[in-house]
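Beneath this line is the structure, given in structure tokens, with notes to follow.
The values are calculated or read from the model by the stated rules, or taken from the named source; none is laboratory data. Note that this is a predicted model, so its numbers are computed, not measured. In this analysis, Cβ positions are derived from the backbone assuming ideal geometry, glycine residues included, and neighbour counts consider all displayed protein chains.
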Amino acid sequence: DAKTTQPTSMDCAEGRAANLPCNHSTISGNEYVYWYRQIHSQGPQYIIHGLKNNETNEMASLIITEDRKSSTLILPHATLRDTAVYYCIVRGDNNAGNNRKLIWGLGTSLAVNP
Amino acid sequence: GAVVSQHPSRVICKSGTSVKIECRSLDFQATTMFWYRQFPKQSLMLMATSNEGSKATYEQGVEKDKFLINHASLTLSTLTVTSAHPEDSSFYICSALGLGPGEQFFGPGTRLTVL
């Protein structure tokens, strides 16, 4: 079972920030939070990951609460091309054993509207 | 980032035939690849872990004799759906582990339709 819970769907206006929440209350100390997205009929695309500090890259920002039980993915200026299913996944940050596996929930279907 | 390709991107076949799907890491070597299946409006379900030079590890409930996996080189893993049936129609996605910690790169997927 996925170790995260996300809202089923969200809407966002084009040009506005999209804030996608994720709960991971059972996360353990050495587990990272990863975010992927999947545009319709395509393979998943890596967005960002973090442990406890906030992270930012060219795609998005990741805000992790101090207790690490939840996080928020922020797309600062959403475009129509950001319409996709966004997955929040918790896993260890190495490629050993079961840390290699990604357990996928149903994600959040984000619709960016003109 | 690293690129993973899949071939074909979509395939339609008759019931009872076998279909081979290729997954290639184009600019890096991948000792470990994964095969997923995704039904409409559902999430990705891991089918098996493909290990170069050794047997694949299948997830519970996945028939290893029906979904044959071969990982004969560091850049190629193949999934063969044998004696395909309409219920095997799905979106098949592969991924490859990168060298960096936690790196995993996904292919574009293959849409299989069994008539």
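Might you check whether a residue that is touching a residue at least 40 places away in the same chain (Cβ under 8 Å), of a type in the set (V, I, T) and in contact with a Leu (Cβ under 9 Å, 6 or more places away or on another chain) occurs anywhere in region B:48-71?
no
Here is a list of conditions, (1) surrounded by 19 or more Cβ atoms within 10 Å (Cβ to Cβ); (2) over 14 Å from the mean Cα position of the chain (by Cα), and B:Q60 meets all of them except one; can you say which number that is?
Only one criterion in (1) surrounded by 19 or more Cβ atoms within 10 Å (Cβ to Cβ); (2) over 14 Å from the mean Cα position of the chain (by Cα) is unmet by B:Q60, namely (1).
Specify the residue that is nearest to the other protein chains (Cβ to nearest Cβ); the eligible residues are those in region B:63-74 that are within 21 Å of B:V3 (Cα to Cα) and surrounded by fewer than 19 Cβ atoms within 10 Å (Cβ to Cβ).
Narrowing region B:63-74 to residues within 21 Å of B:V3 (Cα to Cα): B:69-74.
After this cut, where a residue has to be surrounded by fewer than 19 Cβ atoms within 10 Å (Cβ to Cβ) as well, the list is B:70, B:72-74.
Numbers: B:N70: 19, B:A72: 20, B:S73: 19, B:L74: 15 Å.
Step by step, filter region B:63-74, then rank; the result is B:L74.
For a quick check of your reading: which strands (runs of 3 or more DSSP E) sit entirely within region A:48-114 and have at least 3 residues that are more than 12 Å from chain B (Cβ to nearest Cβ), within 13 Å of A:N19 (Cα to Cα) and at pLDDT 95 or above?
A:61-64, A:70-75, A:108-113
Would you confirm, using the coordinates I've provided, whether B:S50 is under 10 Å from the mean Cα position of the chain (by Cα) and modelled with pLDDT under 95?
yes
Filtering region B:26-58 down to residues that are part of a loop (DSSP other than H, G, I, E, B) and of a type in the set (S, T, Y), which residue is nearest to the other protein chains (Cβ to nearest Cβ)?
Only one residue tops the list, namely B:S43.
Here is a list: B:A84, B:A96. Which entry is crowded, with 22+ Cβ neighbours inside 10 Å, on the phi < 0 side of the Ramachandran plot and assigned to a loop (DSSP other than H, G, I, E, B)? Walk me through how you get there before you give the answer.
Numbers: B:A96 fails: assigned to a loop (DSSP other than H, G, I, E, B).
After ruling out the rest, the residue left standing is B:A84.
Looking at (1) modelled with pLDDT of 95 or more; (2) under 26 Å from A:I89 (Cα atoms); (3) of a type outside the set (D, E, K, R), which is the one condition that is false for B:Q42?
Going through (1) modelled with pLDDT of 95 or more; (2) under 26 Å from A:I89 (Cα atoms); (3) of a type outside the set (D, E, K, R) one by one, B:Q42 breaks only (1).
Can you tell me how many residues within region A:1-43 are within 14 Å of chain B (Cβ to nearest Cβ), exposed (fewer than 13 other Cβ atoms within 10 Å of the Cβ) and under 15 Å from the mean Cα position of the chain (by Cα)?
2
Only one of B:C94, B:C13, B:C23 is away from chain A (no Cβ under 11 Å) and either under 15 Å from A:L102 (Cβ atoms) or of a type in the set (A, V, I, L, M, F, W, C) (or both). Can you tell me which?
Working: B:C94 fails: away from chain A (no Cβ under 11 Å); B:C23 fails: away from chain A (no Cβ under 11 Å).
The unique qualifying residue is B:C13.
For A:S41, state whether it is part of a strand (DSSP E or B) and farther than 16 Å from B:G102 by Cα.
For A:S41, the condition - part of a strand (DSSP E or B) and farther than 16 Å from B:G102 by Cα - is not met.
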